[in-house]
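Novice: I have a structure I would like to understand better, so I am pasting it below and will then ask my questions one at a time.
Computed from the coordinates by the stated procedures, all read-outs in this text should not be read as laboratory data. What you see is a predicted model, and the numbers here were worked out from it, not measured in a lab. Here the Cβ positions follow ideal geometry from the backbone for every residue, glycine too, while neighbour counts run over all protein chains shown.
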């Protein structure tokens, strides 16, 4: 076992052997007699995955410096139950995922591969290629390639089982069992492998951990002494209620000091904001304030102070998503003769993952009967506009003159027909949490033939069909039309006269007021079926041309010629429930389409000089691919590079790639649906807005904001519409890589690989972020951005109110850049040099990010994300990150220690001005994992280990900087110290 693991750790460049002398490395189709790849490749062996009990492969991949975490087991909101990989943080759609060098079916209309569907037990190794590889593999290989190499030549039976749990609380369990069987037949001419696996991952809620049980709000710059305070949503179980024509029921024509204000003047100073009718709100919250039901009456809603009226939505959200997975895979090869070998692969996975959010928050406009017996009398007076009655209740002072009273009278609520229009915001706890149960059935079938044509040429042809069917059941949704029916069926005279028969829905008696019958009437369960299919057929010939040989080389030109047809289709069919009438999960509309492509590709390697002083080998490699898409038309990609082997100790390589990404079905055909991006309105004050001196007040007034600087943004997220664009073009990327591989004779067993990369993507498919449009319009005064937001404000100037939503569609507008250096060190040596028995092996993966930039639009400044996190950059992108594993082998006993280091990061330029020092940075973080493995005999191996043995504290930040669990759970450990125990039995 020890020698196997040392071998796995010390490989300098990965290879998939076809025979003992010829190999094909990931990133090239040329068959070589060495294992030096033309592009930088990082290899992870099966032993490395096993020694840290890797159940889901993204857990290990995310620790590598090449990766900025995407969706994983912690991705509840945002998240969709999938596990994805994003090399260099350039997006999951720009990372091509392969299985044995062939494409795998994606998930959803974006067609991104869900790593949950790749059986971890059958992974022999994982190769990660840095930089574009579209000339070799086609579209999507812009940031790079992740290639899962499977165990396709296995003999015997292997049974593996493991159990993992959190030591502190004995929760968040993960159970994994797999059995693999394989053997040769027909005198070794054939081999067949069958593997089956089961995974069960238990749920853990944010409320189960102290750091995530409350929604942290940052107190803002200069207020560090106060610490985080308990924040949340203004959609509360007790119902927030406001007038139909303004943020409040009525506006007094006086400021907070009782001084009369000219109502025609809309440029009020901060100290002269219109004073609200509810004294509890205070002048500072005037335009954001409304009423909240309390003890059978109504009072002003508090947004500040010791007891703010906000809802803590954190506890109901998952910190670890529950998962149940079954998978089965089969592999077979059969050699008829040297000219013909058949091979096949079948993979099936059933993967069920649940996501859970707090009960539905909804802000809707409703009509209510003024004779509703449950309406508090003072509220009826407000809705009717009876100034004298309101004054008598003590809710407000007498406005004075009749002219002043007329301003107060017209709140826009009284309809004059016995009803009034109000806007309510409520957390509908009575209909339960929002759950999205995602049940995925995926399979892949590959059948191919390969063999030698003659002594110089070979061929390989295969067909690959994959299909994924995703069934989503979404519960906890709210029907707005049913809510309206239920509110009007209130038992009052007006409702009785209309013959109303719907169950009454009581919104006016605080939390829990809605009856079980009312909750059943307004709740909705929706379903959505996604079907994703991928078909790929490819034929290649691979050989050498003896007539093309450099006079200074020993080997002739090697050539690959190939043709490929590929078709990817996605269809998403939601039922009618998930339409515009529903609140809860985002609206879903049908979407479908097909992208197909015909391609020709070629790759050459030309040895230029061999066996000369200072040049053991100098070779030129190049690749070209011509593609014809049914959507974007023709594209061409190419790559060219040099490989220079100075001697057995020094090998240099340099490579240039032109890569492309054709738009997927979602990019092209997604209809406009609602989403809720985090953004801060420069026209709004308060804790959610970002009003400041840089804001141009006139642009806010022109957009319909009555008083710039007033607190008109009620939540940290705004509603907007997002959709595809059938007129998109392909993205293009230029990638440069330069590297060196060192195997010095002076230090036996040492291999070092150092690579520089630079990836630049132009015409990137993206939507201009809502925050960018807001800033460009109201801070930079860019007219085009103001035009894009036109009509997007409600009656009080708030974004996304009363059906006015900005539309953000995909366009070729963004640019991205990633630049950095990767270092890999493998060192295996005898422990006797330290006076110890046995052997040592060390593997180090390190990465330094020089730049990670993006430009969201042509008029936007460059956003720098290397070393930052936050509203613009999202997940932390440390400048330096490493993962290092050291193992000590003493007979049957193995001890391994892994050190994961994540460099310090700071809040990005969009986040830093809005937060205190509590949230403006995250210190460098270290995690240590230890594993003990014992070969009891040739049949059974016992493994136990502890991850995060120091129980490193979770870096906590405020909700202004993140969206999940007051931290970045995909980057940092949130489950504390964890223990796993496992065993492997072989026959």
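Novice: With r as the distance between the Cβ atoms of residue 673 and residue 155 and R0 = 35 Å, compute the FRET efficiency 1/(1 + (r/R0)^6) and round to 0.05.
Specialist: 0.10
Novice: Please give the residues of region 175-202, grouped as numeric ranges, whose backbone N is less than 14 Å from a label point set 7 Å along the Cα-to-Cβ vector of residue 334.
Specialist: Taking a point 7 Å out along Cα→Cβ of residue 334, the residues of region 175-202 whose backbone N falls under 14 Å are 184-193.
Novice: I would also like to ask the following. Rank-order 646-653, 322-329 by packing density, defined as the average count of other C-beta atoms within 10 Å over each peptide's residues, highest first.
Specialist: Going from most to least packed, we get 322-329, 646-653.
Novice: Could I have the simple spin-label model distance between residue 985 and residue 170, label points 7 Å from Cα toward Cβ, reported in nm to one decimal?
Specialist: Label-label distance for residue 985 and residue 170, simple model: 2.6 nm.
Novice: With n ≥ 4 as the cut-off for DSSP H runs, can you work out [θ] at 222 nm for the chain, using -39500 (n - 2.57) per run divided by the number of residues, rounded to the nearest 500?
Specialist: -2500 deg cm²/dmol
Novice: What's the ranking of 486-496, 62-72 by average number of surrounding C-beta atoms within 10 Å, highest first?
Specialist: Taking the mean over residues of other Cβ atoms within 10 Å, the ranking is 62-72, 486-496.
Novice: Give me the number: length gained by fully extending residue 950 to residue 909, i.e. 0.36 nm times residue separation minus the C-alpha to C-alpha distance, one decimal in nm.
Specialist: Extra length available between residue 950 and residue 909 comes to 11.5 nm.
Novice: Exposure proxy check: 751, 421 ranked by fewest other beta carbons within 10 Å?
Specialist: In order of increasing Cβ crowding within 10 Å: 421, 751.
Novice: Let me ask another. What percent does the relative contact order of region 661-817 come to when contacts are Cα pairs within less than 8 Å and at least six residues apart?
Specialist: Normalised by residue count, the contact order of region 661-817 is 29 percent.
Novice: If you average the sequence gap of Cα pairs under 8 Å that are 6 or more apart and divide by the length of the chain, what percent do you get for the contact order?
Specialist: Averaging sequence separation for qualifying contacts and normalising by length gives 13 percent for the chain.
Novice: Taking 56 Å as R0, compute the FRET efficiency from the Cβ-Cβ separation of residue 549 and residue 833 and round it to 0.05.
Specialist: The computed FRET efficiency comes out at 0.75.
Novice: Compute the FRET efficiency between residue 693 and residue 787 as 1/(1 + (r/R0)^6), taking r as their Cβ-Cβ distance and R0 = 35 Å, and round to the nearest 0.05.
Specialist: So, using R0 = 35 Å, E works out to roughly 0.90.
Novice: Okay, moving on. For a protection proxy built on the mean count of beta-carbon atoms within 10 angstrom, sort 472-485, 551-564 highest first, please.
Specialist: Top of the packing list down: 472-485, 551-564.
Novice: Turning to a different aspect of this structure: When only Cα pairs under 8 Å and 6 or more residues apart are kept, what is the percent relative contact order across region 589-664?
Specialist: Result for region 589-664 is 25 percent.
Novice: Need the full-extension length gain, residue 480 to residue 745, defined as separation in residues times 0.36 nm minus the C-alpha distance. One decimal, nm.
Specialist: The span from residue 480 to residue 745 would gain 88.0 nm if fully extended.
Novice: Oh, and also: Modelled label-to-label distance, residue 377 and residue 620, 7 Å Cα→beta-carbon offset: nm?
Specialist: 9.6 nm
Novice: Can you tell me the length gained on complete extension of the stretch residue 646 to residue 899, counting 0.36 nm per residue apart and subtracting the Cα distance?
Specialist: Here the answer is 87.7 nm.
Novice: According to the square roots a ≥ b ≥ c of the eigenvalues of the Cα gyration tensor, what is the shape class of the chain, taking rounded for a/c under 1.5, prolate for a/b larger than b/c otherwise, and oblate for the remainder?
Specialist: prolate
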